[in-house]
Amino acid sequence: MAATHARPGRRPASASDQRTVMECRDLTVHFDTPNGRISAVNGISFDLQRGECLGIVGESGSGKSQTFLAILGLLASNGHASGSVKLHGEEILNVSRRRLDAIRGEKLAIVFQDSITGLTPHKRIGEQLSEVLTQHRGLGRGAARAKVLEMLELVRIPEAEKRYRMYPHEFSGGMRQRVMVAQALLCQPDVLIADEPTTALDVTVQAQILKLFKGLADHTNTALVMITHDLGVVAGLCDEVMVMYGGRVVEHAPVDELFYAPRHPYTRGLLACMPRADRDSEELTAIPGQPPDLEALPPGCAFAPRCPYAFGRCELERPILETAQPGHLKACHLEELP
Amino acid sequence: MGFLTQRRDRQLAAMQAAGRTVGRSLWQDATRRFLSNKVAVGSVIVLLLISVMAVFAPLLSPHTMEDFYWEYILVPPTLENGHWFGTDSNGRDMFVRTFYGARVSLTIGVMTTAVALVIGVTWGSVAGFFGGKIDNFMMRIVDVLYALPLLFFIIILVTVFGRNIYLVFIGIGAVEWLTMSRIVRGQTLSVKQKEYVEAARAIGLSNLVIVRRHVVPNIVGPVIVFVTLLIPTTILVESYLSFLGLGVQEPMTSWGTLISQGAANIDTGPWLLLIPGTFLAITLFCFNFIGDGLRDALDPEGR
Amino acid sequence: MFSFVSRRLAVALPTLLVVIAGSFFLMRAAPGGPFDADAQLEPEVIENLRAAYDLDKPVTEQFMLYMARLLRGDFGPSITYADYTVTELLAIGLPVSVKLGLTAIVVALLFGCLMGIISALNRNRWIDYVTMSIAMTGFAVPAFVVAPVLTLVFGLYLKLLPISGWNDGALQNMVLPVIALALPQIAILSRLTRGSMLEVMRQNYIRTARAKGLPEYKVVAGHALKAVSLPLVSYLGPAIAGIMTGSVIIEQIFGLPGMGRYFIQGALNRDYPLVMGTVIVYATAIILLNLLADVIYGYLDPRVRRE
Ligand SMILES: Nc1ncnc2c1ncn2[C@@H]1O[C@H](COP(=O)(O)OP(=O)(O)O)[C@@H](O)[C@H]1O
Ligand code: SF4
Ligand SMILES: [Mg+2]
């Protein structure tokens, strides 16, 4: 199935392609700081299909969050985005606030990592959720409330009636994250972005929340973007995976191919870091070295200082993202991994 | 008390911010950052100038504190007869009086702050170091005192015990230590819980050594910032008391006393108020800028 | 909420007691007494006077007597204003001070918050710099410098406003004292508001609110304002205390017949009952208003309420 998907760089998706929800082309994000310009995201392209789940994987600081914050028009005031992002063929990058307000929460929704600070502390959960419906659907209080309660039950929040009147601090971390998911789903968005939704939770709760997303991905037409630094999250959930490093995509492949035949040394490194049943946790490795300095990216491959296979060309010439085999993109000078 | 409480929030925030910084080399960084802050450095220079003038100005002028010029009453500032800041309603030279007042006001500011510093640091560090019931009790006392209209106590103190400059020191100092004790306690508590202090305990270092090596260096930063913000507060309280006629008494004078006399002559000699008022304001400005500069230098991320 | 308030009241009453005892014994600890200045009085007369005010008894007994009277709501007779009881003097002074203080607080809150919000929304633009410079000036120029300058400019030069007197709280008599009293608070409040606003707008939940598609005015009004007001409410206590102490000096400068004047007169003349009366009223006001601030805080922040 994955092989039939439109691939960035291989063929530009046509507007008539009904399955394509979002096309992102050459998205670039930089921040102006007192110490100079930071290139957080450099020329990222991808497509999202209806009902598809795309995983975005990379170490912290690799530009995962900023990519999607840029798409949502939520960059910090010193951030600037360029390129093109189309939602159902309509350009949505750098459009007016009014237009953004109509799209956000309605067609594009996001679940942030930190549910503790992500919900307004002095507002009841019920109000926070129902205002989404009031805003986008013009529902009255009663109707909004009914819909919210329905959604709270859908994400398995017990005693929804009671919870409706409670404040965020009265919820556990897992429950708050469910609330965030419910809030994002209220308008049945075309694209749901989940930015490390389980990172702040403990392992059992993580599994429950992931199950929730799994159910979503399987039973709705919403395209899901799962941002994570943990390849394990991606395994059971996503159709495709995009691996990011230093603000660039280094590998983009269907999930099975990525796991069984990675084509980029960084991906292989990430896979080696995954805890596995057949391996002692002591053998767990982390990729040695530091993530690149975004203020001064090297002219060659950003991964070169940490790459076990780096050779002469790597430090001079930046590898471009190219097709390794149909449906599988990589940015590495090596034809095959040794 | 308004003047005492007005700045508390800001001061507390400043303290907590500055408190996050520890370490030797950070002091060098902090110095460098402070020196690159033009407003703060400018303020230091202005304050130094005022202090130098407070010491030497009476020598520069042909007049003295004791001279009464009956033929020159309420002369506006002029370059002619050496009355650069004019004269007051008794024919006394305002240039000399203004800088003499600076001497008294600055001294009171520093001395009362020292009193507050000693009480506050002792109280706060004892509470923080011993913790538990002792801490609870000591801080409860601070809470109660916080809620009291303490400036009214100072007024009662100086009116019934006589208007004595030492009473002013002690009175203001005894009131202003509260915030200091809270800051020091907070710092002490947090340092105490740090691993390296536990480690020091584990290898059997005595309390005194731990305090000297670990607690004191951590407290110094916030305390310095607080002191630069406390000095203007105490100068302000002294001026307030002197304005009411309860602080510094003739023949001594302070900025508050001068401002009070200026206010009484506002229609005939506005300069009597404007000149000491301006010096007071500049001094308060400078201390605040220095305090802000120190806070920023000690806590660069807090910005 | 009820237990929250009653717990605060339980602390407030002992605090008030400390104030009363503290000022009572402080005044009597000093050598001398209220009639020292009247050198021309015969010693017997002074003895009689002292007896009339219970001053001949041991200090602890005086305190008991005073407390017993106080519990009946009687502040005793004034010594300086011989024809008045302290209660009567307070009845004259309190309305003046309350009107002045409340007006100043309201003006300070209004302008302080407005300036702070405007500054924060226009961060690092010229309007921000102008407002914050004004705030800084209000911070460093004390009320007792501002007040005479105001009388000089508006009263003596421009002849727009009266420079002293109360005139039953007529508007033109209120303007200058209120400005002088509110100015330092405006300075602090505007800085506080600006800082708080900037801090809150950085929070993650603001980003969430925007991500939901709310227009900016709904983000600010619905998700930011309550949190922005929290530090302002915490500052309310100190602000009130500041206005009160400020009013002592402002009443003096503008010759207003408020509590502050009676307090200073009482202290200068060692009019024990009068000083006690004014201090008790000031302390009660401060304690109650702080309590009110706590309640408002609890109302705004659900996390505090539940504790
Ligand atoms: N407001 C900002 N100013 C400067 N740099 C920023 C800003 N926001 C994010 N960045 C930088 O952008 C980079 C990418 O961040 P992000 O996309 O959040 O990483 P992650 O992959 O962990 O989600 C980070 O290295 C961060 O330093
Ligand atoms: S291009 Fe070179 S350095 Fe970069 S990942 Fe490939 S082999 Fe390693
Ligand atoms: Mg992130």
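Can you pull out every residue in segment A:64-92 that is within 13 Å of another protein chain (Cβ to nearest Cβ) and more than 13 Å from ligand 1 (Cβ to nearest atom)? Across segment A:64-92, the qualifying residues are A:Gly73, A:Ile92.
Out of all the residues in segment C:265-288, which are in a loop (DSSP other than H, G, I, E, B) and facing chain B (nearest Cβ under 10 Å)? Write out each step before concluding.
Filtering segment C:265-288 for residues in a loop (DSSP other than H, G, I, E, B) gives C:269-271.
Answer for segment C:265-288, where residues must be in a loop (DSSP other than H, G, I, E, B) and facing chain B (nearest Cβ under 10 Å): C:Asn269, C:Arg270.
Screening A:Leu201 on (1) buried (at least 24 other Cβ atoms within 10 Å of the Cβ); (2) over 14 Å from the mean Cα position of the chain (by Cα); (3) within 16 Å of ligand 3 (Cβ to nearest atom); (4) away from every other protein chain (no Cβ under 14 Å) shows it passes everything except condition (1). Condition test on A:Leu54, is it within 11 Å of chain C (Cβ to nearest Cβ) and modelled with pLDDT of 90 or more? Against the criterion (within 11 Å of chain C (Cβ to nearest Cβ) and modelled with pLDDT of 90 or more), A:Leu54 does not qualify. Evaluated against (1) open to solvent by less than 10 Å² (accessible area, probe 1.4 Å); (2) more than 16 Å from the chain's Cα centre (by Cα); (3) modelled with pLDDT of 95 or more, A:Ser84 falls short on exactly one condition, (1). A count restricted to segment A:287-306 and to residues that are within 16 Å of ligand 3 (Cβ to nearest atom) and open to solvent by 50 Å² or more (accessible area, probe 1.4 Å) stands at 1.
In this entry, A:Leu216 passes the filter for residues that are more than 28 Å from A:Gly289 (Cα to Cα), among the aliphatic types (A, V, I, L, M) and open to solvent by 20 Å² or more (accessible area, probe 1.4 Å). Please work out if C:Tyr262 is facing chain B (nearest Cβ under 7 Å) and within 19 Å of C:Ser78 (Cα to Cα). For C:Tyr262, the condition - facing chain B (nearest Cβ under 7 Å) and within 19 Å of C:Ser78 (Cα to Cα) - is not met. Scanning segment A:34-65 for residues that are open to solvent by 30 Å² or more (accessible area, probe 1.4 Å) and within 14 Å of ligand 3 (Cβ to nearest atom) turns up A:Glu59, A:Ser60, A:Gly61, A:Ser65.
In segment B:175-216, which residues are open to solvent by 50 Å² or more (accessible area, probe 1.4 Å) and either hydroxyl-bearing (Ser, Thr, Tyr) or within 30 Å of the chain's Cα centre (by Cα) (or both)? Within segment B:175-216, B:Arg182, B:Arg185, B:Tyr196, B:Ser206, B:Leu208, B:Arg212, B:Arg213, B:Val216 meet the criteria. Within segment C:162-216, the set of residues being under 30 Å from A:Ile103 (Cβ atoms), in contact (Cβ under 8 Å) with a residue 24 or more places away in the chain and part of a helix (DSSP H, G or I) comprises C:Met197, C:Leu198, C:Val200, C:Met201.
Taking the criterion of being facing chain B (nearest Cβ under 10 Å), assigned to a loop (DSSP other than H, G, I, E, B), at pLDDT below 80 and on the phi > 0 side of the Ramachandran plot, would at least one residue in segment C:43-57 satisfy it?
No - not one qualifying residue is present in segment C:43-57.
Within segment B:237-258, residues that are free of Cβ contacts under 8 Å to residues at least 40 places away in the same chain sit with their Cβ atoms under 6 Å from residues that are small (Gly, Ala, Ser), at 6+ positions apart or across chains, in these pairs: B:Ser242/B:Ser254; B:Ser242/B:Gly256; B:Phe243/B:Gly256; B:Phe243/B:Ser260. Residues in segment A:307-319 that are farther than 14 Å from A:Arg248 by Cα, open to solvent by less than 80 Å² (accessible area, probe 1.4 Å) and within 8 Å of ligand 2 (Cβ to nearest atom): A:Cys307, A:Tyr309, A:Ala310, A:Cys314.
Open to solvent by 60 Å² or more (accessible area, probe 1.4 Å) and either acidic (Asp, Glu) or within 14 Å of another protein chain (Cβ to nearest Cβ) (or both): is that true of B:Asn164 in this structure? When the stated conditions are applied, B:Asn164 passes them. Flag not set for A:Pro338, criterion: within 16 Å of ligand 1 (Cβ to nearest atom) and over 24 Å from the mean Cα position of the chain (by Cα). Of the residues making up segment A:82-103, those that are in a strand (DSSP E or B) and out of contact with any helix residue (DSSP H, G or I) (no Cβ under 6 Å at 6 or more places or on another chain) are A:Ser82, A:Gly83, A:Ser84, A:Lys86, A:Leu87, A:Glu90, A:Glu91. Being in contact (Cβ under 8 Å) with a residue 60 or more places away in the chain, open to solvent by 20 Å² or more (accessible area, probe 1.4 Å) and within 11 Å of another protein chain (Cβ to nearest Cβ) is a condition met by no residue of segment C:141-153. When segment C:19-42 is limited to residues that are farther than 16 Å from C:Arg270 by Cβ and open to solvent by 70 Å² or more (accessible area, probe 1.4 Å), the one that is modelled with the lowest pLDDT turns out to be C:Gln40.
Table: residues versus (1) more than 9 Å from every other protein chain (Cβ to nearest Cβ); (2) within 20 Å of C:Met115 (Cβ to Cβ).
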{"position": "C:Asn173", "(1), (2)": "yes, no"}
{"position": "C:Ala180", "(1), (2)": "yes, yes"}
{"position": "C:Ser190", "(1), (2)": "yes, yes"}
{"position": "C:Glu199", "(1), (2)": "yes, yes"}
{"position": "C:Ala211", "(1), (2)": "no, no"}
{"position": "C:Tyr217", "(1), (2)": "yes, yes"}
{"position": "C:Leu232", "(1), (2)": "yes, yes"}
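Residues in segment A:93-115 include at least one that is within 16 Å of ligand 1 (Cβ to nearest atom), open to solvent by 40 Å² or more (accessible area, probe 1.4 Å), within 13 Å of chain C (Cβ to nearest Cβ) and not hydrophobic (A, V, I, L, M, F, W, C).
For C:Leu90, the conditions (1) in a loop (DSSP other than H, G, I, E, B); (2) modelled with pLDDT of 90 or more all hold with the exception of (1).
Evaluating C:Val5 against the criteria (1) within 11 Å of chain B (Cβ to nearest Cβ); (2) touching a residue at least 40 places away in the same chain (Cβ under 8 Å) leaves one unmet condition, (1).
What do you reckon, is A:Gly173 surrounded by fewer than 18 Cβ atoms within 10 Å (Cβ to Cβ) and in contact (Cβ under 8 Å) with a residue 40 or more places away in the chain?
Answer is yes for this residue.
Using the structure shown, decide if A:Ala70 is in contact with a strand residue (DSSP E or B) (Cβ under 8 Å, 6 or more places away or on another chain) and either surrounded by 21 or more Cβ atoms within 10 Å (Cβ to Cβ) or within 29 Å of A:Glu131 (Cβ to Cβ) (or both). Criteria met by A:Ala70.
Table: residues versus (1) surrounded by fewer than 20 Cβ atoms within 10 Å (Cβ to Cβ); (2) within 8 Å of another protein chain (Cβ to nearest Cβ); (3) closer than 18 Å to B:Thr107 by Cα.
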position: B:Gly247; (1), (2), (3): no, no, yes
position: B:Leu258; (1), (2), (3): no, no, yes
position: B:Asp267; (1), (2), (3): yes, yes, no
position: B:Leu272; (1), (2), (3): no, no, no
position: B:Gly277; (1), (2), (3): no, yes, yes
position: B:Leu284; (1), (2), (3): no, yes, yes
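Among the residues of segment A:124-150, those identified as within 14 Å of another protein chain (Cβ to nearest Cβ), open to solvent by less than 30 Å² (accessible area, probe 1.4 Å) and not β-branched (Val, Ile, Thr) are A:Gly126, A:Gln128, A:Leu129, A:Ser130, A:Leu133, A:Ala144.
The values are calculated or read from the model by the stated rules, or taken from the named source; none is laboratory data. This one's a predicted model, so the numbers in the text were calculated from it and none came from an experiment. A quick note on method: Cβ atoms are made from the backbone with ideal geometry, for glycine too, and the neighbour counts reach across all protein chains shown. These area figures cover heavy atoms from the full protein model, side chains too; ligands, DNA and RNA do not enter into them. Shrake-Rupley method; radii C 1.70, N 1.55, O 1.52, S 1.80 Å.
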